[in-house]
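**Q** Please read through the structure below; I'll follow up with questions.
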Amino acid sequence: MAIFSWFCSLFKPKVGLQSGMAKSGEEKKKMRVVVIGGGVGGSIVAYSLQSVADVVLIDQKEYYDIPWASLRSMVEPSFAERSVINHIDYLPKVQIIASSATNITDREVTTEDGQKVAYDYVVIATGHLESAPKTKAERLNEYKADFEKIKSVNTVLIVGGGPTGVELAGEISFVFPDKKLILVHRGPRLLEYIGSKASQLAMNWLTAKKVDVILDQSINLNHLNGGIVQTSSGETIKADCHFVCTGKPIGSSWLNESILQNSLNIHGKLVVDQNLRIRGHKNIFAVGDITDIKEIKQGYVAQKHAHVTAKNLKLLMNGESESKMATYKPGWEMVIVSLGRKEGVAQFPLITIGGCIPGKIKSEDLFVGRTRKQLGLNPYLDEK
Ligand SMILES: Cc1cc2nc3c(=O)[nH]c(=O)nc-3n(C[C@H](O)[C@H](O)[C@H](O)COP(=O)(O)OP(=O)(O)OC[C@H]3O[C@@H](n4cnc5c(N)ncnc54)[C@H](O)[C@@H]3O)c2cc1C
C-alpha cells in the first residue's frame with residue numbers, strides 16, 4: 001500500500017498553483033503576478049492587472065474593507081453594505097486565496113492554509129495587520145454588534161487620539177449626541193502625525209461636542225475592572241464600553257524568516273527603490289504603508305504606488321527595457337480627518353482648515369463612492 005501511494009505521488013501535480021511563465025513550444029501564457037494583501041494598494045494593483053496577467057490575490061479575508069469607512073459602519077451598519085466589497089465583485093478574472101501569506105521564497109508564496117503559489121512577479125501590500133473575520137457577512141455582523149453596543153450604553157471610552165480615535169469620537173457624537181464620550185490619549189496633542197494646528201482644530205471640535213479629551217495619559221486595559229479604570233496619573237474613569245484605537249502593527253512580521261528579512265528596516269518596513277521594487281529583488285514590488293518611503297502613510301498614496309507598480313509590471317511583462325520603468329516620488333501631502341458627517345480638519349501644504357470644506361470633501365461619503373468607482377463598481381449600489 002505504501003509503495004502504491006509513493007508510486008501515485010510521482011504523478012501528482014505539484015501542490016498549489018504553477019506559475020504562468022511562458023515555456024518554449026507551448027502557447028505563450030500570461031505571466032503570474034501574486035498580489036499579497038487586498039487593502040487599498042493591493043486591490044488597485046490586482047484590478048489594474050487582471051486583464052493582462054494571471055493574477056492571484058492572497059488576502060487574509062474574502063473582501064476589501066475600505067479602512068476610512070469602518071468607523072461610520074460602527075454607528076450606521078448599513079453603510080458597510082457599500083464599503084465592504086467582496087474581492088470577487090471587482091476581480092472577476094483573479095484567483096482569490098482567502099488566507100494569510102506566511103512565507104515567500106524566490107519562487108513561491110506560502111499561505112497559512114498550506115498552499116504554495118508560484119510566481120513570476122509579486123506585489124506585497126500587507127499594510128497593517130488586522131484581526132478581521134474571513135467573510136463579508138461576518139464583518140457586517142461585527143459592525144452590527146458594535147452599533148448595538150454603542151447604542152445600549154451611556155458612556156463610551158475611546159483609547160487613542162490618532163485618526164481612528166478622533167474619527168470614531170466624531171462618528172459617535174454625530175449619531176448619538178447624548179452619549180458621554182471620553183477619549184484618552186497618551187501624547188500631548190491629538191493627531192500627532194500631522195501639524196499642531198490640525199490637532200487644535202480637532203480638539204476644539206470635540207470639546208464643543210462635550211467629548212471629554214484627556215491628554216498625556218495612558219490606560220492599562222488589563223486593569224479595566226467592572227468598567228472602572230485608572231489612567232497613568234491616577235485619574236479614575238468609569239465607562240460602559242471601550243474601543244482601543246491605538247493603531248495596528250505593520251503587516252510585515254510574516255517576512256521575518258523569509259528571503260526578504262534583510263529588506264526590512266528597523267521599523268519593519270520594506271526598503272524599496274524608486275520603481276517600487278524591493279531593493280535587490282528584481283521581481284518583487286511593494287506598495288502602501290509597508291514601504292519605507294518617507295511620507296505620511298495614506299490610502300491615496302498607496303493608490304499612487306499601486307498605479308506606478310501596475311504600470312511597471314505591464315512594461316516588464318511586455319519585455320520592455322527596465323530603464324523605461326516609471327518612478328515614484330512623494331508629492332505634496334494632504335490629510336483630511338473627518339469630524340462627524342459635515343465637518344472635518346484638512347491639512348494642505350500651505351494651509352490647515354477646519355469646518356465644512358473638509359467635511360464636504362471627505363466626511364459626507366468618506367470617498368466610498370469614489371473608491372468603488374475606481375474598482376469599476378457602481379458607486380452607490382452593490383451590483384455593477
Ligand atoms: C481612521 C483612518 C482614516 C483614514 N483616512 C484616510 C483618508 O481619508 N485618506 C487616505 O488617503 N488615507 C486614509 N487613511 C490611511 C489608509 O487607510 C492607509 O494608508 C491605507 O489603508 C494603506 O493601504 P495599504 O494597501 O498599504 O494597506 P491596507 O489598506 O492596510 O491593506 C493591507 C491588507 O493586507 C492584508 N494582510 C495583512 N497581512 C497579510 C498577510 N500576511 N497575508 C495576506 N493578507 C494580509 C490585510 O487584511 C489588508 O487587507 C486612514 C486610516 C485610518 C485608520
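**Q** Can you work out the Karplus-derived ³J(HN,Hα) for every residue in the range 223-235? Use 6.51 cos²θ - 1.76 cosθ + 1.60 with θ = phi - 60°, whole Hz, and x for glycine or proline.
**A** Result, rounded to whole Hz: 9, 5, 10, x, x, 10, 9, 9, 7, 4, 9, x, 6.
**Q** Would you grab the residues whose amide H sits under 5 Å from the one on residue 31? Only those 5+ places off in sequence or on another chain, please, with H modelled 1.01 Å from N.
**A** For residue 31, the qualifying residues are 54.
**Q** Still on this structure, I have one more. With an 8 Å cut-off on Cα pairs and a minimum separation of 6 or more residues, tell me the relative contact order of the chain in percent. Display every interim value, and only then the final one.
**A** Working: 775 pairs, mean separation 63.0, N = 384.
Rounded, it is 16 percent for the chain.
**Q** What is the magnitude of the charge dipole of the chain about its Cα centre, with +1 placed on the Cβ of each Lys and Arg, -1 on the Cβ of each Asp and Glu, and no other charges, expressed in debye to the nearest 20? Don't skip to the end; give the middle numbers.
**A** Numbers: 47 positive and 40 negative charges, 147 e Å.
It works out to roughly 700 debye.
**Q** Measuring from centroid to centroid over Cα atoms, what is the spacing of the range 218-262 and the range 70-135 in Å?
**A** If you average the Cα positions of each part, the centres end up 24 Å apart.
**Q** Let me ask another. Given Cα pairs under 8 Å that are at least 6 residues apart, what percent is the relative contact order of the range 233-384?
**A** Computed over the range 233-384, the figure is 12 percent.
**Q** Given the Cα-Cα distance of residue 323 and residue 86 and 0.36 nm per residue of separation, how much length would full extension add, in nm?
**A** That works out to 81.6 nm of additional length.
**Q** Cut-off is 10 Å between beta-carbons; in what order do 117, 213 appear when sorted fewest neighbours first?
**A** With the fewest neighbours first, 117, 213 line up as 213, 117.
**Q** If you take every DSSP beta bridge fully contained in the range 163-295, what fraction is antiparallel? Give it as a percent rounded to 5. All intermediate terms of the calculation are to be shown ahead of the outcome.
**A** Details: 8 of 12 bridges.
Close to 65 percent.
**Q** How high is the relative contact order of the range 110-265, in percent, with contacts defined as C-alpha pairs under 8 Å that are six or more residues apart?
**A** With pairs under 8 Å counted, the relative contact order is 27 percent.
**Q** For the chain, what is the mean residue ellipticity at 222 nm derived from helices alone (per DSSP H run of n ≥ 4: -39500 (n - 2.57); sum divided by total residues; nearest 500 deg cm²/dmol)?
**A** -7500 deg cm²/dmol
**Q** A further question follows. Sort 98-106, 54-62, 349-357, 32-40 by packing, meaning the average of other beta carbons within 10 Å per residue, with the highest value first.
**A** For the peptides 98-106, 54-62, 349-357, 32-40, the packing ranking is 32-40, 54-62, 98-106, 349-357.
**Q** Which value, in debye to the nearest 20, describes the size of the charge dipole of the range 264-344 about its Cα centre when Lys and Arg Cβ atoms bear +1, Asp and Glu Cβ atoms bear -1, and nothing else is charged?
**A** That gives a dipole near 120 debye.
**Q** With +1 on each Lys and Arg Cβ and -1 on each Asp and Glu Cβ, and nothing else charged, work out how big the dipole of the range 164-303 is about its Cα centre, in Debye to the nearest 20.
**A** My answer is approximately 200 debye.
**Q** Comparing 359, 340, 369, which has the greatest mean-square fluctuation in the GNM of the chain with Cα pairs linked when under 10 Å apart?
**A** Result: 369 has the largest fluctuation of those listed.
**Q** What list do you get for 63, 90 if you sort them by fewest beta carbons within 10 Å?
**A** Fewest-to-most ranking of 63, 90: 90, 63.
**Q** For the chain, give me the percentage of DSSP beta bridges that are antiparallel, rounded to the nearest 5 percent.
**A** Bridges in the chain are about 45 percent antiparallel.
**Q** Considering amide H positions built from the backbone, and no H for Pro or chain starts, which residues 5 or more places from residue 242, or on another chain, come under 5 Å of its amide H?
**A** Here the answer is 157, since their amide H atoms fall under 5 Å of that of residue 242.
**Q** Which one of 177, 137, 126 has its Cα pushed farthest toward the positive end of the charge dipole of the range 119-184, where Lys and Arg give +1 and Asp and Glu give -1 at the Cβ?
**A** The one lying farthest along the dipole's positive direction is 177.
**Q** Mind checking which of 291, 164, 135 has the largest fluctuation in a GNM of the chain, springs on alpha carbons under 10 Å?
**A** Looking only at 291, 164, 135, the biggest GNM fluctuation is shown by 135.
Values quoted throughout were computed directly from the atomic coordinates according to the rules given, and no laboratory measurement underlies them. Everything numeric in this text was worked out from a predicted model, so none of it was measured. We place every Cβ from the backbone using ideal geometry, glycine too, and count neighbours over all the protein chains shown.
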